[in-house]
Amino acid sequence: MMAGIILVCSVVLFLQFFVFYCRSLIAVSSKQVLSPEVQDVTGISRTASGEDFARVMQLLQLCPERPEDRKSIQAIGAYFSLLNFLRSTIAHMVPSMRVWTESERGHCAYFAAVALERRISFSRDMLAQQMDA
């Protein structure tokens, strides 16, 4: 019985830490403005919807990886999956939860667009270095 309580408490604390971590990543990315090029490619100007996330993630997979972005992108992908789970279960019963999950899903898509912009910039820098060499 005690082991079960410890397990439940550990999972709850881990999820709380994970949500705070992901929201901090999203908060940092939300302050960045997307370049017109990335806005054209993604179709996101300032606000994004959760429906944009899959498309932006596919575009993200086409660019060379930046090692420092890998874990944060995976974390936001897991957070997006958690939001989808909440949206399909609890959010149907609680209207305020539905609004919150939709907003957070849009923030995840915007994070992915900012990561795409970083990868495009990284690719340009790599190309410039190769041209100089």
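Below is a table of values for the structure above.
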quantity	calculated
On Cα atoms only, tilt of 53-62 relative to the major axis of the chain in degrees	40 degrees
Cα centre as origin, Lys/Arg/Asp/Glu Cβ charges: the chain dipole, Debye	340 debye
Shape call, the range 25-133: gyration tensor on alpha carbons, a/c limit 1.5	prolate
Between the range 110-133 and the range 16-39, the Cα center-to-center distance that results, in Å	18 Å
Among Ala91, Pro64, Val114 the positive-end extreme of the charge dipole of the chain (Cβ point charges)	Ala91
R0 of 25 Å, Cβ-Cβ distance Val8-Thr89: FRET efficiency to nearest 0.05	0.85
Acute angle (nearest 10 degrees) that the helix 2-30 long axis makes with the longest principal axis of the chain, alpha-carbon atoms	30 degrees
Dipole of the chain [Lys/Arg +1, Asp/Glu -1 at C-beta], most positive-end residue of Ala54, Leu15, Ile5	Ile5
³J(HN,Hα) computed for each position of the range 85-95 - Karplus, 6.51 cos²θ - 1.76 cosθ + 1.60, integer Hz, glycine/proline x	5, 4, 5, 7, 10, 6, 5, 5, 8, 10, x
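Quick note: the coordinates plus some simple rules give every number you see, no bench work behind them. Here the structure is a predicted model, which means the values were calculated and not measured. Virtual Cβ from ideal backbone geometry, glycine too; neighbours counted across all protein chains shown.
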